[in-house]
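**Q** Next up is a structure, given as structure tokens.
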Amino acid sequence: MPPRRVLIAGNWKMNGLRSALGEIEAIAAGYDDALKARADLLVCPPATLLIPAGERLAGSGVLLGGQNCHPSPGGAHTGGISAEMLQDAGACAVIVGHSERRTNLSESDAVVMAKVKAAWCRGLLPLVCVGETAEERDAGAAVEVVTRQVRQSVPDGCTAANMVIAYEPVWAIGTGRTPTPEDVAQIHGTIRRILKERFGAEADGMRILYGGSVKPDNAAVLLAVPDVDGALVGGASLKASDFLAIARATP
Ligand code: PEP
């Protein structure tokens with residue numbers, strides 16, 4: 001199994017107008033040969049910016065992704081966006097199961113799994129988000145919660161090429177708080193073990209990202225934790241200079 005290539009993914013969430021496309025251009029321009037040798041870069045802007053962002057990224061090697069897809073291939077789902085639509089807009093990946101959707105829109109593990117399958121049908125790489133709330137961590141249930149989410153959100157048929165997991169403790173998202181490297185190592189080790197139980201040696205090649213308040217000043221420490229194969233970055237991905245600085249912190 002070749003070594004896992006680091007993936008730095010930016011989740012713009014519900015941020016970004018056309019006036020922000022300059023940041024996309026700056027990310028493309030900053031993805032130089034030195035950075036290409038170290039990490040894959042993925043930008044997930046809001047759906048309204050996918051096509052113009054793809055135009056700005058063309059030829060740069062920076063990947064384009066969606067933030068969500070509907071489990072159905074199409075039809076009467078007002079406001080929905082299908083995996084095929086993302087693919088048609090130039091995306092090669094999609095975030096699924098983000099805690100903001102699990103919490104605000106009551107997305108269950110079963111729905112997340114259905115979205116993964118929908119993504120696979122269109123050849124998209126799913127980034128499956130898992131992570132415990134503050135209450136669950138305080139109750140000592142972090143490992144149990146993440147174990148359940150990985151078991152129930154991740155379908156059979158995973159390979160190193162078609163699955164990325166992102167561990168995002170809910171209490172660390174957008175708060176400026178991060179877990180200790182030891183806590184990150186414990187959860188990432190747990191996820192790797194679950195993947196190995198199910199997918200054998202293939203799990204050695206699967207990337208497990210850390211997400212939650214990753215910034216240029218803490219990225220080096222977080223990216224150096226065993227079994228951390230990259231980062232899912234929210235707020236700091238909106239500024240090209242910060243996003244690129246995080247990518248350059250790859251060990
Ligand atoms: C996220 O929402 O995926 C995230 C990690 O956000 P932030 O980096 O802003 O905490």
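The values are calculated or read from the model by the stated rules, or taken from the named source; none is laboratory data. Here the structure is a predicted model, which means the values were calculated and not measured. All Cβ positions, glycine included, derive from the backbone under ideal geometry; neighbour counts span all protein chains shown. Heads up: the accessible areas ignore ligands, DNA and RNA and are worked out on the full protein's heavy atoms, side chains in. Shrake-Rupley method; radii C 1.70, N 1.55, O 1.52, S 1.80 Å.
**Q** Give me the one-decimal nm value for the distance between modelled label points at R18 and D138, 7 Å along each residue's Cα-to-Cβ direction.
**A** 4.7
**Q** Give the long-range amide H neighbours of V164: residues separated by 5 or more places, or on another chain, with amide H under 5 Å away, using H modelled in the peptide plane at 1.01 Å from N.
**A** It is V128, by chain and number.
**Q** Taking the Cα centre of the stretch 104-195 as the origin, how large is its charge dipole in debye, to the nearest 20, when only Lys and Arg (+1) and Asp and Glu (-1) carry charge on their Cβ atoms?
**A** On the way: 9 positive and 11 negative charges, 92 e Å.
Here the size comes out at about 440 debye.
**Q** Here's another thing I want to ask about it. Assuming a ≥ b ≥ c are the square roots of the Cα gyration tensor eigenvalues, decide whether the stretch 125-251 counts as rounded (a/c under 1.5), prolate (otherwise, with a/b larger than b/c) or oblate.
**A** Values: a/c = 1.85, a/b = 1.28, b/c = 1.45.
Judged from the Cα gyration tensor, the stretch 125-251 comes out oblate (a/c at least 1.5, b/c at or above a/b).
**Q** Explain nothing, just the number: dipole magnitude of the stretch 146-230 about its Cα centre with +1 on each Lys and Arg Cβ and -1 on each Asp and Glu Cβ, in debye rounded to the nearest 20.
**A** Numbers: 9 positive and 10 negative charges, 38 e Å.
Dipole size: approximately 180 debye.
**Q** If each residue of separation counts as 0.36 nm, what is the full-extension length gain between R4 and C92 once their alpha-carbon separation is subtracted?
**A** Working: separation 88, 0.36 × 88 = 31.68 nm, distance 1.86 nm.
Extra length from R4 to C92 when fully extended: 29.8 nm.
**Q** Here's something else I'd like to know. Using each residue's phi in the stretch 123-128, evaluate 6.51 cos²θ - 1.76 cosθ + 1.60 at θ = phi - 60° and report the 3J(HN,Hα) Karplus result to the nearest Hz, with x for Gly and Pro.
**A** Ordered by residue, 3J(HN,Hα) equals x, 8, 8, x, 10, 8 Hz.
**Q** Treating only the Cβ atoms of Lys and Arg (+1) and Asp and Glu (-1) as charged, compute the dipole magnitude of the stretch 33-129 about its Cα centre; round to the nearest 20 debye. If you can, show how the numbers build up before the last one.
**A** Details: 8 positive and 8 negative charges, 22 e Å.
Dipole of the stretch 33-129, to the nearest 20 debye: 100 debye.
**Q** Percent relative contact order of the stretch 43-126, based on C-alpha pairs within less than 8 angstrom and at least six residues apart? Display every interim value, and only then the final one.
**A** Values: 125 pairs, mean separation 25.5, N = 84.
Normalised by residue count, the contact order of the stretch 43-126 is 30 percent.
**Q** What is the stretch 133-174 by shape, rounded, prolate or oblate, if you read a ≥ b ≥ c off the alpha carbon gyration tensor as root eigenvalues and call it rounded for a/c under 1.5, prolate for a/b larger than b/c, and oblate otherwise? Write out the running numbers ahead of the final one.
**A** Values: a/c = 4.00, a/b = 1.86, b/c = 2.15.
Oblate shape, in that a/c is at least 1.5 and b/c is the bigger or equal ratio.
**Q** For A110 and A224, what is the calculated FRET efficiency with R₀ set at 45 Å and r taken between the beta-carbons, to the nearest 0.05?
**A** On the way: r = 35 Å, r/R0 = 0.78.
Taking R0 as 45 Å, the efficiency between A110 and A224 is 0.80.
**Q** Starting from the Cα-Cα distance between E25 and R193, subtract it from 0.36 nm times their residue separation and give me the gain in nm to one decimal. Could the numbers behind the result be given before it?
**A** Values: separation 168, 0.36 × 168 = 60.48 nm, distance 3.87 nm.
Between E25 and R193, full extension yields 56.6 nm more.
**Q** Take the alpha carbon gyration tensor of the stretch 1-41, find the square roots of its eigenvalues, order them as a ≥ b ≥ c, and report rounded if a/c is under 1.5; if not, report prolate when a/b exceeds b/c, else oblate.
**A** oblate
**Q** Ok, one more. For a quick check, take a GNM of the chain with Cα springs below 10 Å and name the residue from V184, V43, V233 with the largest mean-square fluctuation.
**A** V184
**Q** Listed highest first by mean packing, meaning other Cβ atoms within 10 Å per residue, what order do 80-90, 201-211 come in? Could you put the intermediate results ahead of the total?
**A** Values: 80-90: 18.9, 201-211: 20.8.
Order by mean packing, descending: 201-211, 80-90.
**Q** How high is the relative contact order of the chain, in percent, counting Cα pairs under 8 Å that sit 6 or more residues apart?
**A** Values: 523 pairs, mean separation 54.1, N = 251.
Computed over the chain, the figure is 22 percent.
**Q** Turning to a different aspect of this structure: How large is the accessible surface per residue of the chain, computed with a 1.4 Å probe and reported in Å² as a whole number? All intermediate terms of the calculation are to be shown ahead of the outcome.
**A** Values: 10670 Å² over 251 residues.
About 43 Å² of surface per residue is accessible.
**Q** Note the full-extension length gain between I51 and C121 as 0.36 nm times their separation in residues minus their Cα-Cα distance, in nm to one decimal.
**A** On the way: separation 70, 0.36 × 70 = 25.20 nm, distance 2.08 nm.
Once the chain is fully extended between I51 and C121, it gains 23.1 nm.
**Q** Per the 1.4 Å probe, what fraction of the accessible area of the chain, in percent, lies on carbon and sulfur atoms?
**A** Details: 5740 of 10670 Å².
About 54 percent, which is the carbon plus sulfur part of the accessible surface.
**Q** A follow-up question, please. Could you quote the convex hull projected area for the stretch 1-153, Cα atoms only and averaged over all directions, in nm²?
**A** Numbers: hull surface 43.0 nm².
For the stretch 1-153, the mean projected area of the Cα convex hull comes to 10.7 nm².
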